[in-house]
Amino acid sequence: MADDPTRMLSAPRARARLRALAIEDRGALAWQLMKSGEQPADCPRALLLLALGGCAGWLGETAIDHWLARLAAVSEGRTPADEDDPWPRGRAAIWRARALLAPMPEAEGDSACDWPEVALFLTRTWAITDRSELIRMLLWLGGQGHRYGWDLDYRRIRRMTSAERLKWRAGLGENEDYGRVLLQFVGRDETPDWAAWDWLRLIDLACAGWLMGWLEEQEAVDFAVHGMDLLLQRHDDWAGMLAAWQRGASLFEGRDLTTETDARAELLLHGRHTPWQHPPAALVDETMLAASRERIRQWRSGARHWVLAVAGVRDPDLFYRQGMAAPADDQRRREARRYLQETLDWWPQEGVSAISRYWLPGQAHHLNQLASDAAHRTLAPADTPFGRPSREWLTVRGQLAECREHAATIVMAERFGFQLAMLEDGDVGEEEVQQRLQRSFAGVLGRLYATPERLLQAWLAWERVLPEDPDASLADDLEWHLNDPGSPFHWLEYLAGEWQEPGPRPTLEQFTALALSGPLNTPNWGMPQMQQNRQTGELRDWLDSHYGLGSATALRDFLDFLSEAGDRQEYQITYAPYTLNLPRLREEIAIMETGQCSEEDQVHLDRLRRVRDNDQQCNDLDMAAWDIAQLADLCVAGRQLGWLDEDAMNHYLERALALARQHYGDWRAYARGLYAGYSFFMMGVPERHRLLEELRSALMMWLCGTPPLAGAWASLDFPGAAPGHWPALHVDVLSQDRSILH
């Protein structure tokens, strides 16, 4: 090789000559070789570039020999032979995929010349300064990327009117150019596929991480193969892949590049020496794909990624948190703590385990039962003693039949997953407890939904019927995750072994007893637990102002009173006899009306008038429901304050069930008794009419199951009544046996 012209110049002088030709690295050299080797007349320049590349140490002997053979074939009018391929082979062939950004020739020796400015590229273009940030960005490009927002915008714009589209674009501010291009794409029915913009950059970024020394070569190859794995699920040729890339680049840059001629793209698609002479699938084999898939699942392994995936549907920024866990920044930490305290009413002094009170298995049972009854057309009658729901809500209730095949746990679990994510972001400590809750969360979902697709299908079915906010439905987001092969849902690790739910699970009997409080309070979808939050003070004030109760002993005494006598006994002793002697009743009322009444006397007078008028049928209906509902409601309050332990709470709930069985046969009779008792024993307040109307409306909703999460009566058999509901299909229903906690 002493006379080899490729070794005539020193390396520094050769690199200086290359820089003078605006060739700063091996990728730029490869572009020029491809371009100059197209026509026989340009081959001399290609030979010069080969010589300079060899002297600079950028090309090894094997690569030079391949290029010389190809240039000779072009000069002689022959087609270059496949065996003279100058591009990476074997597992390194995956780097051919990034040729649009920078082709990598067959490499020998130092790889630093492939990308001398790689550190600058990572910090300036990507704001990546270490390995962990690189890993998170690689996973984000694979799992979400820019395509997520673009896909959702495209889908929603298609449903907009012209005026709505203009308003949408005007609201984009500095991103208006992006909006203009996307509207052009929608207007001409451009194929809404631009995922190649994310996945080709994933391959490019994996290469950068390898050259930077942050990734081992096999790690980098596995990430790059992941990008190609995803691309191959959308494209089987380079032309389609390139078109998708151009659409993505257009949206990113805010100018339509799809109509412009791209010389590099043409060279890659049709050039003599393109690294893309074989289909994309030729760059990977099954062994490479299997290794890559295993690597990606390892990076997304563990229960924490279940939490991020589920919570990320509601808060897509969480998808930046994949890979190695990293502390949230100060702003994110403040926002998470504000959510936990102001929205969730959870405080650090309660301990992380207290978050389990927001696990609501009763809600899943209720929804599953309604869906089953809707499918069999056995839902509760729409006509109630308190009115009839709107046609809109009855339609929603009937649509629950569409969810019969989908377990409803995801409806409440998605909120719980978000709460777990906020615990992590809030940096509240007790990491072991958080991890245990995360494992429980992932274990439940893995048991109820055999595949990620089943989970997403169930979530989507329920979301379409029961969006938490109809104006901010997650349906589009869920469809995206179903259809995008890179979505983290498709790469989650299913946890094996035994599992336990994140929070306590009531039996069906306990859930029914809790429902006896009805609309006197918010529905109890889970087992009440002791709390130490703002609600604790509010409960103390309420018990003191309404019942004069200030201690656990006083509460127990009052619960015993409600169980044994209650307001129902006062009616029987003080007021029922008047119904047998109406003249005496009128005389008593007249006497009291002529005098000046104390507050206590005024209450008595009001009740006498209600007996006289048979107000709300108080003389005809059994009003024990008023005592029973209070008994159940105060049990919950006592448990939340810590005045009752679980055994004591269950004892009084069993008493409430026994009273309900003794006095009523169904929920409608119970509701009428509750309304009559509420009305009769209400103190004289100015807002009486409004309060009664609110209770009438709530009772109607609880009886009908409209809206479905108003309350649980429509899905429960009344205590002691014969079964009247079709069995639900799923295991996420409450057990009849209190000893079974699955």
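Assorted remarks:
- Cut-off under 5 Å, modelled amide H: who pairs with residue 527 long-range: none
- Helix-derived mean residue ellipticity, 222 nm - over the chain, DSSP H n ≥ 4, -39500 (n - 2.57), to 500: -17500 deg cm²/dmol
- Most to least packed among 674-682, 216-224, 189-197, 599-607 [average Cβ atoms within 10 Å]: 674-682, 216-224, 189-197, 599-607
- Put a plus charge on the Cβ of each Lys and Arg, a minus charge on the Cβ of each Asp and Glu, and nothing anywhere else: the dipole of the chain about its Cα centre is then about 960 debye.
- Measuring with a 1.4 angstrom probe and ignoring ligands and nucleic acids, residue 655 comes out at about 70 Å² accessible.
- Based on C-alpha pairs under 8 angstrom that are at least 6 apart in sequence, the stretch 184-275 has a relative contact order of 30 percent.
- Packing, taken as the mean count of other beta carbons within 10 Å per residue, orders the peptides 463-473, 388-398, 413-423, 66-76 from highest to lowest as 413-423, 66-76, 388-398, 463-473.
- The stretch 280-436 shape via C-alpha gyration tensor axes, a/c threshold 1.5: oblate
- Residue by residue, the stretch 213-225 carries 3J(HN,Hα) couplings of x, 8, 10, 5, 4, 5, 4, 4, 4, 4, 5, 5, 5 Hz when phi is fed to the Karplus relation 6.51 cos²θ - 1.76 cosθ + 1.60 (θ = phi - 60°); x denotes Gly or Pro.
- Amide H contacts of residue 60 (H built 1.01 Å from N, in plane; Pro and chain starts excluded): 108 sit under 5 Å, all sequence-distant by 5 or more or on other chains.
- Portion, in percent, of the accessible area of the stretch 222-357 that falls on carbon or sulfur, probe 1.4 Å: 47
- Placing +1 on the Cβ of every Lys and Arg and -1 on the Cβ of every Asp and Glu, with nothing else charged, gives the stretch 362-477 a dipole about its Cα centre of roughly 800 debye.
- Estimated FRET transfer efficiency (residue 334, residue 500; beta-carbon r; R0 45 Å; 0.05): 0.85
- Residue 376/residue 661 FRET efficiency (R0 25 Å; Cβ-Cβ; nearest 0.05): 0.45
- Helix axis angle, 582-594 relative to the chain longest principal axis, alpha carbon, degrees: 80
- Mean sequence separation of contacting Cα pairs (under 8 Å, at least six apart), scaled by the length of the chain, corresponds to a relative contact order of 13 percent.
- For peptides 158-167, 31-40, sequence by mean Cβ density within 10 Å, most packed first: 31-40, 158-167
- Principal-axis tilt of helix 361-375 within the chain, Cα atoms, nearest 10 degrees: 90
- About the Cα centre, charge dipole magnitude for the stretch 598-692 (Lys/Arg +1, Asp/Glu -1 at Cβ), debye: 340
- Whole-Hz couplings from phi, Karplus 6.51/-1.76/1.60, listed for the stretch 88-94; x for Gly and Pro: x, 10, x, 5, 6, 4, 4
- Tensor-based shape of the stretch 456-603 (alpha-carbon gyration tensor, a/c under 1.5 rounded, otherwise prolate or oblate): prolate
- Taking every protein chain into account, the accessible area of the stretch 357-449 amounts to 38 square angstrom per residue (probe 1.4 Å).
- Distant-in-sequence amide contacts of residue 346, defined by a placed amide H-H separation under 5 Å and a gap of 5 or more residues or a different chain, comprise 341.
- Derived scalar couplings ³J(HN,Hα) [the stretch 722-730; Karplus, 6.51 cos²θ - 1.76 cosθ + 1.60; whole Hz; x for Gly, Pro]: 5, x, x, 10, 6, x, 6, 7, 10
- Amide N proximity, the stretch 611-632 versus residue 589 label position 7 Å along Cα-to-Cβ, cut-off under 11 Å: 611-615
- Loop-located GluC sites (Glu not before Pro) in the stretch 620-693 whose Cβ has at most 14 other Cβ within 10 Å (DSSP): 687
- Accessible area in square angstrom per residue, the stretch 611-697, 1.4 angstrom probe: 39
- For the pair residue 175 and residue 546, a Förster radius of 60 Å applied to the C-beta separation gives a FRET efficiency near 0.65, rounded to the nearest 0.05.
- Helix axis angle, 624-641 relative to the chain longest principal axis, alpha carbon, degrees: 50
- Based on C-alpha pairs under 8 angstrom that are at least 6 apart in sequence, the stretch 580-651 has a relative contact order of 19 percent.
- Carbon plus sulfur fraction of accessible area for the stretch 487-545, probe 1.4 Å, in percent: 45
- Gyration tensor (alpha-carbon) shape descriptor, the stretch 247-336, a/c threshold 1.5: oblate
The values are calculated or read from the model by the stated rules, or taken from the named source; none is laboratory data. Everything quoted here is computed from the prediction, not taken from an experiment. FYI the Cβ positions are ideal-geometry reconstructions off the backbone, even for glycines, and counts take in every protein chain you see. To get the accessible areas, we keep the full protein, side chains included, count just its heavy atoms, and leave off ligands, DNA and RNA. Shrake-Rupley method; radii C 1.70, N 1.55, O 1.52, S 1.80 Å.
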